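The values are calculated or read from the model by the stated rules, or taken from the named source; none is laboratory data. As the structure is a computational prediction, the values presented were derived from the model and not from experiment. Here the Cβ positions follow ideal geometry from the backbone for every residue, glycine too, while neighbour counts run over all protein chains shown.
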Amino acid sequence: MNTDHLKQEIIDYSKDIGIDKIGFASADVFGELKERLRRQQSLGYQSGFEKGSVDERTEPERLLPESKSILSIAIAYPSRIKDSPKSTKDERRGIFCRASWGVDYHVVLREKLEKLSAFIEEKFPDAVNKVMVDTGELSDRAVAERAGIGFSGKNTSIITPEFGSYVYLGELITNIPFVPDKPLADGCGSCTKCLDACPTGALVQGGQLNAQRCLAFLTQTKDFMPDEFRSQIGNFIYGFDTCQVVCPYNQKVDFHNHPELEPEPDVAKPKLKPMLRISNREFKETFGHIAGSWRGKKPLQRNALIALGHYKDVTAVEEMIAVMKNDVRPVIRGTAAWSLGKIGTNEAFEAITEAMEKETDEQVLFEMKKGLNFQQEFSTT
């Protein structure tokens, strides 16, 4: 079966519907990835967000028995915000990582892949396709690497020659036996900028990530954030992308090819104090369309409290006291108490002491004690 002509038609059509890069890979087992994933499991380096078993994530035939090829697509996203709002002493702002600017990429890529699938089925009625974007079992990065979209960087991101690592990835498994494209050669060389910049040592070595220490993962958890990471997230309320920012391939890279992926300045860099009292309805209306909303408002509010503590924002003390006393969620009450201690005003310490008399949750009480312990720092400065 000669599929060269169909392949070129697909490439041409992909450009028409706004796909920035497309590659073709075999649907063979990802043997090297399988061993790496098993090693990650044994070391406890996985995030827990992964979908499917190791076999499902590395054997395309388990997902589509007729699979012969996998099409990988890449969509470039912006790295800079036009008219970016500034934090002020009265209105401190948080920030979402670049991968959560604009409309949720799962929606954008799935729409393009569905169009691509329909086009293929129109041209080849016997086609059997399966579309996946990030939440599917297959590793987007492993597919993209095999398909020649880019090489796998030491920061565990796919790095493309054209767009750096600022790309979203998705794939389509098909029963059509396309001639595969050639993978790109590794381009990191001896560079270790991403490893050196990782504040927690989550990048154990080039290409190996301990997700349990990765700030991007930790900002998405719903429990108390471990103490050692609280000072590291700064004002990030979702994600963390320093390992991409320092990459030489990302310098001066800023593509604005897709209007739906344009960051809304006040959404990408929201004011922190309003985040503390946002209702479920307001949260959905303001943030529901971006990828960073998928875990709900609780992690973002927890991170906003930590950021206010990081800023030592005295203008937020009154609202944070109200949160510490009235919020029904222990994680939010406890984090508010810890952050109030970081800010360190007399009003904050008095409020923590007063709230402790009524608090019954042991974890919250522990956080309150940690908040009060900051008094020692202030008394010696």
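General observations
- Screening region 161-241 for strands (runs of 3 or more DSSP E) wholly inside it with 3 or more residues that are in contact with a strand residue (DSSP E or B) (Cβ under 8 Å, 6 or more places away or on another chain) and at pLDDT 95 or above returns the ranges 167-174, 236-238.
- Of all residues making up region 212-248, the number that are closer than 23 Å to S79 by Cα and not acidic (D, E): 23
- Considering residues of region 336-350 that are more than 23 Å from L300 (Cβ to Cβ) and touching a residue at least 24 places away in the same chain (Cβ under 8 Å) only, the residue nearest to the chain's Cα centre (by Cα): G344
- Restricting attention to region 312-331, the residues that are buried (at least 21 other Cβ atoms within 10 Å of the Cβ) and either in a helix (DSSP H, G or I) or outside the structural domain of E264 (by TED's automatic domain parsing) (or both) total 5.
- Cross-chain or 6+ apart pairs with Cβ under 8 Å, region 306-320 first and of a type in the set (S, T, Y), then at pLDDT below 95: Y311/S87; T315/K89; T315/D90
- Of everything in region 77-110 that is within 15 Å of the chain's Cα centre (by Cα) and assigned to a strand (DSSP E or B), the residue that is surrounded by the fewest Cβ atoms within 10 Å (Cβ to Cβ) is I95.
- Residue in region 141-150 that is among the acidic types (D, E), modelled with pLDDT under 95 and over 22 Å from H5 (Cβ atoms) present: no
- Pick from region 270-292, criterion part of a helix (DSSP H, G or I) and free of Cβ contacts under 8 Å to residues at least 12 places away in the same chain, ranking: nearest to the chain's Cα centre (by Cα): K284
- K358 meets the conditions (1) in a helix (DSSP H, G or I); (2) over 28 Å from the mean Cα position of the chain (by Cα) in every case but one. The failed one is (1).
- Within region 67-111, the set of residues being outside the structural domain of E137 (by TED's automatic domain parsing) and without any contact (Cβ under 8 Å) to a residue 60 or more places away in the chain comprises K86, T88.
Residue by residue, here is whether (1) modelled with pLDDT of 80 or more; (2) not small (G, A, S) holds:
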| residue | (1), (2) |
| --- | --- |
| I17 | yes, yes |
| F30 | yes, yes |
| R38 | yes, yes |
| Y45 | no, yes |
| G52 | no, no |
| E61 | yes, yes |
| L64 | yes, yes |
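Yes/no per residue for (1) on the phi > 0 side of the Ramachandran plot; (2) in contact with a Ser or Thr (Cβ under 6 Å, 6 or more places away or on another chain):
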| residue | (1), (2) |
| --- | --- |
| A118 | no, no |
| F151 | no, no |
| S157 | no, yes |
| E162 | no, no |
| L169 | no, no |
| I173 | no, yes |
| K193 | no, no |
| G201 | yes, no |
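- Test: residue in region 373-380 that is small (G, A, S), surrounded by fewer than 21 Cβ atoms within 10 Å (Cβ to Cβ) and on the phi < 0 side of the Ramachandran plot: yes
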